[in-house]
Number of protein chains: 2
Amino acid sequence: MVWVVEMVCPFQSIHEMMNSNNYRPNAFAHISTLNQQVIKANYAVRGPLTVLAEKIQNDLLEDSNDYPFGDIIYANIGNPQQFGQLPITFNRQVLSICQYPALLDHANEPWFKSIFPRDVVERTELLLKETGSVGAYSASQGIPIVRKHVAEFIQERDNCACHPDDIYLTSGATQGARIIMTLLISGPSEGAMLPIPQYPLYGALMDLFHGKSVSYYLSEKDDWNVDVKQFKQAYEEESKKGTNIRLCVFINPGNPTGACMTEESIEEMLRFAKAKGLVIISDEVYQNNIFRKEFTSFRKVLCELERREPNSNWDKVSLICINSVSKGQFGECGQRGGYIDTMNIPPITKDQILKLATIDICPPVTGQLLVDLLVRPPREGEPSYGLYSQEIEKIHRDMEKQCQFLYEATKRMKFVTCQKPHGAMYLHPKICLPKKLVREANEINIEPDELYCLRILERTGVCLVPGSGLGQRENEYHVRITFLAKGDEYVERFIEAHNTIMDEYED
Amino acid sequence: MVWVVEMVCPFQSIHEMMNSNNYRPNAFAHISTLNQQVIKANYAVRGPLTVLAEKIQNDLLEDSNDYPFGDIIYANIGNPQQFGQLPITFNRQVLSICQYPALLDHANEPWFKSIFPRDVVERTELLLKETGSVGAYSASQGIPIVRKHVAEFIQERDNCACHPDDIYLTSGATQGARIIMTLLISGPSEGAMLPIPQYPLYGALMDLFHGKSVSYYLSEKDDWNVDVKQFKQAYEEESKKGTNIRLCVFINPGNPTGACMTEESIEEMLRFAKAKGLVIISDEVYQNNIFRKEFTSFRKVLCELERREPNSNWDKVSLICINSVSKGQFGECGQRGGYIDTMNIPPITKDQILKLATIDICPPVTGQLLVDLLVRPPREGEPSYGLYSQEIEKIHRDMEKQCQFLYEATKRMKFVTCQKPHGAMYLHPKICLPKKLVREANEINIEPDELYCLRILERTGVCLVPGSGLGQRENEYHVRITFLAKGDEYVERFIEAHNTIMDEYED
């Protein structure tokens, strides 16, 4: 009998059996052996809804008749050129020659002159001289002349000294945020104040770095301004628990809110940061997408405070501002270029920022060149100036029009209220979802606004971001929708589906 | 008396005094409040020597006469186009039009036809159709058609099934390594087997993620093969301490060693990985830089094992192979493009890889297009085939020649021995440094080979990577030098300075 048992299973355990075959499962085999912080991280802008949208898109490409629409509208993401926004001619002419400098051999031929204006050639020659080739690694901090131009741009914009050494070119906002947050957040005793609602990059990075996200709320009824009282209260409560709050993130103009912070509000936040020893990240990627109000940078206000209140330690408030070529009127998302400009960072910390940039090697060189084009556009009198200005203005005007149109459209949607954005690329309407829909969502264990977005996607092809992915107060529901998509047909589809859903689920 | 004290310092502590001014230092103010893992991380390829080299370069640009040379040779980094290597014409023609598609409006004009061959136009049209615009975000995993082409390329190279879903396009090797290691390593109880000497990215990432690096040695006298006995011993010793070793990294062909792993060696490592449950990263970015021996991919060997030994759990060995457009004959470092191809990754883990890729948004689209060009070069009979082949072959031949030349040169250097590399872009000679130099280095608290590299830099302008930054056995000293720089003048300078230094420090 013993013998038989040994024949059937000569091993004492499954584990031993597996080893006998010289096999042990690796860490990828089970979710429990993966980095739990990755599991925890959430990035709703491209979440499960986008995956479903891509599936539907593929079905549509195969001529599926399963859907009452012909195309997916990716209104979940601020990706202007996906919606047919044309790139700026000057930019692409420069990049085109930088990619294939042999074109310059023809610089004296009539066809060349008829296509490429003189200032395109001049800019190309300057940038090629500085980089050698767009195929060579640049300095990790970024091409020196581009950093110099960024510093000059900021100096002019803010009337505030800025040195090229304070500038780090990046592959877009994400890398800049990642580097700064890596340096500040290394475990659960370290916290960051994050806005709610929020473009979810910052929360996702906090999860990855195992830090403590401390929510502060933007007040919808107060034009999405910071709720200062709640902000301070949230800070104090979390600090009392022993969390070292290292960082405060602002998104200005707001994503998803589209709200510009006022100078007063920025000053109040800077005072608080100085008193509490908070490093500030100000994500200012939408600084050129403004339709109402004015954009004021954190840097400008900090500079003014330094001037106005000397010897008050304003020069010790560390500030990192983020900008990108993906937004504004360029919309060059796929080219991956941006920068951070820093203020009041001690040299020892700058060395560490540089080390992290160095481990990433360098941002895409063509992305870096786009930064140069962003901060040094053609000037009046230069051959490309006219077309450039025309294109920039048209994009700006079109976006403003689409914003207005979509905003007006929300008024025709049942149980929807919406703050009119000052800028950025999104509306963030609040939807008072019927209880029946909320119950149904609870039953299938998803967020009510996610269920709503699913229903809209299935019926209209319009892909939204549920407010739950960006944070919101309890029992409130929002969706983020970009107003980049052109035309009104999809808007009508959206309104109709929305109103139908509201009726179907009516309590 | 009490009153006087209160006048002098009305605060109980400096801390209180600072607060009184509504100021508290932030985390950037002191090294102790920065992420200590960042402080610990080391990335020697672009370390303090490079910073000094850049300073000297700036001095030289300002016509300094302080140096007995006119130019810095950045032999510390594999950056071919910095050394004047020309990009492949076909690639840049495609990218040039992709940046400025309006050029296609002229496709029927004679000048256009004389510059851009037909297959350039066809490829451009295909890629633009798939991407819309290089300025639009792509899918986070990468442009579907490029992933399809990568899968086909691998299938053909390795005679092994490969699915587009197994491919993740990246912004180069670094991002791929970072994503995989983020998922596996979350704290000091988790380890990775890393080669010594090693391109220091992997060690730097382990430091950042607070993991435990477990060194295994490549045996210099055995043509830099893995020292299998020591490998297994190191694994067992660390495991006994309770470390969960999750991962093993191979660099094949080696950086800095230039050695190709044999099929037998790969098989032995795969068996070990299967038995111990190790995920494998194989960094194969130099797969096209081979002068002697053949390159064999880990994927090919794993596929063969699956075929040869069915039902032996080979299909559960998770493998990630890394490739890049920065190396090979393209040398398009600044364009930031690459991919990882994965094998045997469970869906639940793939979801997490995709999530991490999603947080990074997407790799540069032009970098992704370069991956397409890498895996689908012009074919025989196509108009660009002739020039393309010629250019690729010339780059390959030139590199081989320079390798041979520099290798021969090491024979004229005192106390230097060097393994002849099979490929890659580096020599990694061993230098028997004089005791006097070692003592001097100890006194000023730097590594002896770092002092040696400093001396070489000051005297010749040649910037090297000290072996201590890449790992080496105790009391051994190496330097890594790329053989990408053209000409022999700098080599003679280097040899002469080396021999002089050896004489000066003679014991």
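Each value in this text was obtained by applying a stated rule to the coordinates, not by laboratory testing. On a predicted model such as this, the values are computed, not experimentally measured, just so you know. Here the Cβ is made from the backbone with ideal geometry for all residues, glycine too, and neighbour counts use every protein chain on show.
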Checklist entry - Label-to-label distances across copies for A:LYS436, with labels 7 Å out along Cα→Cβ, in nm, shortest first? => result 9.4
Item to check | Three-way shape call for the protein assembly as shown based on the alpha-carbon gyration tensor, with the a/c threshold at 1.5 | outcome: rounded
Next on the checklist: Taking each residue in A:99-110, count the Cβ atoms of any other chain within 10 Å of its Cβ, then average. What number comes out?
Outcome noted: 4
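Please arrange B:SER96, B:SER213, A:SER215 by how many other C-beta atoms lie within 10 Å of their C-beta, fewest to most.
In order of increasing Cβ crowding within 10 Å: A:SER215, B:SER213, B:SER96.
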Checklist entry - What is the spin-label model distance, in nm, from A:GLU443 to B:TYR385 if the labels are put 7 Å beyond Cα along the C-beta direction? => result 6.4
Next on the checklist: So the label point sits 7 Å from Cα along the Cα-to-Cβ vector; using that for A:GLU474, what distances do you get to the other copies, in nanometres, sorted shortest first?
Outcome noted: 6.0
Checklist entry - Within 10 Å of each Cβ of B:340-350, how many other protein chain Cβ atoms are there on average? => result 3
Next on the checklist: Give me the extension gain from B:ARG308 to B:GLU125: residue separation times 0.36 nm, minus the current Cα-Cα distance, reported in nm with one decimal.
Outcome noted: 61.6 nm
Next on the checklist: Give me the one-decimal nm value for the distance between modelled label points at B:ALA107 and A:GLU152, 7 Å along each residue's Cα-to-Cβ direction.
Outcome noted: 4.0
Checklist outcome for this item: Which residues qualify? For A:ASN225, with a placed amide H closer than 5 Å and at least 5 residues away or on another chain, they are A:SER219
Checklist entry - What order do you get for A:482-489, A:404-411, A:327-334 when each peptide is scored by the mean count of other beta carbon atoms within 10 Å, highest first? => result A:327-334, A:482-489, A:404-411
Checklist entry - Taking a 18 Å limit on the Cα-Cα distance, which of the listed pairs B:LYS401/B:LYS486; B:LYS293/B:LYS430; B:LYS300/B:LYS350; A:LYS221/A:LYS430; B:LYS414/B:LYS435 fall beyond it? => result B:LYS293/B:LYS430; B:LYS300/B:LYS350
Item to check | 18 Å Cα-Cα reach of B:LYS276 towards lysines, excluding residues that sit fewer than 8 places from it in its own chain | outcome: B:LYS212, B:LYS229, B:LYS232, B:LYS240, B:LYS241, B:LYS316
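Counting other Cβ atoms within 10 Å, keep those with at most 12, restrict to DSSP loop, and tell me which trypsin sites (Lys or Arg not before Pro) in the stretch A:233-290 are left. Each step should come with its number before you reach the end.
Working: sites: A:LYS240, A:LYS241, A:ARG246, A:ARG271, A:LYS274, A:LYS276; in loops: A:LYS241.
Taking the stretch A:233-290 and a limit of 12 other Cβ atoms within 10 Å, the loop trypsin sites (Lys or Arg not before Pro) found are A:LYS241.
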Item to check | For A:GLU284, net neighbour charge (Lys/Arg +1, Asp/Glu -1) across residues whose Cβ lies under 12 Å away | outcome: +1
Checklist entry - At what distance in nm do the modelled label points of B:ASN499 and B:HIS396 sit from each other, each positioned 7 Å from its Cα along Cα→Cβ? => result 3.6
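Pulled fully out, how much extra length does the chain show between A:GLU263 and A:ARG118, if you take 0.36 nm times their separation in residues and subtract their Cα-Cα distance?
Length difference between fully extended and current span is 48.1 nm.
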Item to check | Qualifying lysines (Cα of each under 20 Å from Cα of A:LYS113; at least 8 residues distant if same chain) | outcome: B:LYS113
Checklist outcome for this item: Under the rule rounded for a/c under 1.5, else prolate if a/b exceeds b/c, else oblate, using alpha carbon gyration tensor axes a ≥ b ≥ c, the stretch A:84-129 is classed as oblate
Checklist entry - For chain B, what is the calculated [θ] at 222 nm in deg cm²/dmol (nearest 500), taking -39500 (n - 2.57) for each run of four or more DSSP H residues and dividing by its residue count? => result -13500 deg cm²/dmol
Checklist outcome for this item: Gyration tensor on Cα atoms of the stretch B:172-271, a ≥ b ≥ c root eigenvalues, a/c under 1.5 rounded, else prolate if a/b beats b/c, else oblate, says oblate
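Considering only the protein assembly as shown, what is the antiparallel percent among its DSSP beta bridges, to the nearest 5?
Restricted to the protein assembly as shown, the bridges split so that about 50 percent are antiparallel.
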Checklist entry - Distances from A:GLU496 to the same residue in each other copy, label points 7 Å out along Cα→Cβ, in nm, shortest first? => result 8.4
Next on the checklist: To make sure I understand, if each residue's beta carbon is the centre and we count other beta carbons within 10 Å, what order do A:THR257, B:THR417, A:THR182 fall in, fewest to most?
Outcome noted: B:THR417, A:THR182, A:THR257
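Mind giving me the FRET efficiency for B:LEU52 and B:VAL228? R0 is 45 Å, r the Cβ-Cβ distance, nearest 0.05 is fine.
Efficiency, rounded to the nearest 0.05: 0.70.
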Item to check | Ranked list, fewest to most other Cβ atoms within 10 Å of each Cβ, for B:HIS422, B:HIS478, B:HIS396 | outcome: B:HIS396, B:HIS422, B:HIS478
Item to check | Partner chain coverage, peptide B:367-375 - average Cβ within 10 angstrom | outcome: 1
Item to check | Förster radius 45 Å - calculated FRET efficiency between B:LEU86 and A:ASN42 (Cβ-Cβ, nearest 0.05) | outcome: 0.45
